[in-house]
Amino acid sequence: MKEIELKAHVYNRKEVISKLNSIATYLGIVDKKDTYYHIPVCNNDKKYISVRIRKEKKIVNSIENEQIFLTYKRKELIQDEKNISIEVNDEHECIIDSECAINAIFEDLNACVALNKEKHVEHWNYTKNDFVFHIELCTVPPLGDFLEIEVLCENDDEKTVSIIKSTEEELLISCNIPLENIEKRYYSDMLNNY
């Protein structure tokens with residue numbers, strides 16, 4: 001699955017929530033706890049691959065639901081002529097019952113914990129041009145608030161990416177978030193440099 005995503009710094013949280021509630025479908029609150037592992041590889045291009053285990057606790061209509069996800073992404077950051085960055089990732093994700101088996105495999109592969117990250121999220125869905133845009137207003141300690149807008153789709157051809165990127169930018173502007181607030185770095189880079 002292809003993930004086409006941008007994220008931007010948010011300094012007007014209440015205004016963003018109000019706008020999103022008026023144009024999108026509110027889905028609830030999610031707490032995400034991520035552990036990133038580096039697994040060494042024998043490849044001239046890379047020293048390791050990065051894999052994420054995410055523990056997710058959703059609260060919808062006062063009902064809690066917990067799940068664990070294993071995610072691997074081949075990440076790509078694309079910049080346009082206006083210097084606006086968008087992530088176009090090849091994402092592979094599955095739900096796992098327990099971390100125990102995965103942790104045993106990681107141990108045997110000499111994987112090491114590279115990063116821990118937490119996100120407190122309120123999220124919405126918005127539909128346009130036959131795409132469902134998943135919108136997350138995230139607090140990422142100690143980095144602050146971000147608006148993430150993503151679409152999962154089968155294609156990442158230039159036309160599809162352009163249509164999605166244009167709508168993601170429109171959503172930012174409608175939330176009174178200037179395009180200059182778009183973050184060019186991955187969270188891992190920001191956290192490692194914090």
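Here are the numbers for this structure:
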quantity: Matching residues, the range 1-40, being of a type in the set (Gly, Ala, Ser), touching a residue at least 12 places away in the same chain (Cβ under 8 Å) and on the phi < 0 side of the Ramachandran plot; calculated: 8, 24
quantity: Pick from the range 50-67, criterion farther than 22 Å from residue 4 by Cα and among the hydrophobic types (A, V, I, L, M, F, W, C), ranking: modelled with the highest pLDDT; calculated: 63
quantity: Criterion: in contact with a Cys (Cβ under 9 Å, 6 or more places away or on another chain) and surrounded by fewer than 16 Cβ atoms within 10 Å (Cβ to Cβ) - qualifying residue of 69, 146; calculated: 69
quantity: Exclusive hit being acidic (Asp, Glu), over 20 Å from residue 40 (Cβ atoms) and loosely packed, with under 13 Cβ neighbours inside 10 Å, set 130, 90, 108; calculated: 130
quantity: Residue that is in contact (Cβ under 8 Å) with a residue 40 or more places away in the chain and not charged (D, E, K, R), where the choices are 193, 181, 129, 103; calculated: 181
quantity: Tally of residues being in contact with a strand residue (DSSP E or B) (Cβ under 8 Å, 6 or more places away or on another chain), under 18 Å from residue 172 (Cα atoms) and surrounded by 16 or more Cβ atoms within 10 Å (Cβ to Cβ) across the range 4-44; calculated: 10
quantity: Residue under evaluation residue 55, criteria (1) in a strand (DSSP E or B); (2) closer than 30 Å to residue 159 by Cβ; (3) not hydroxyl-bearing (Ser, Thr, Tyr), criterion not met; calculated: (2)
quantity: Complete set of residues in the range 30-49 that are over 20 Å from residue 103 (Cα atoms) and either modelled with pLDDT of 95 or more or touching a Phe, Trp or Tyr at 6+ places or on another chain (Cβ under 8 Å) (or both); calculated: 30, 31
quantity: Filter result for residue 123 (surrounded by fewer than 19 Cβ atoms within 10 Å (Cβ to Cβ), under 20 Å from residue 16 (Cβ atoms) and within 15 Å of the chain's Cα centre (by Cα)); calculated: no
quantity: Residue match in the range 3-16 (condition: in a loop (DSSP other than H, G, I, E, B), modelled with pLDDT of 95 or more and of a type in the set (Phe, Trp, Tyr)); calculated: yes
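The values are calculated or read from the model by the stated rules, or taken from the named source; none is laboratory data. In this text the structure is predicted, and so the values were computed from the model without any measurement. As a convention, Cβ positions derive from the backbone with ideal geometry for all residues, glycine included, and neighbour counts pool all protein chains shown.
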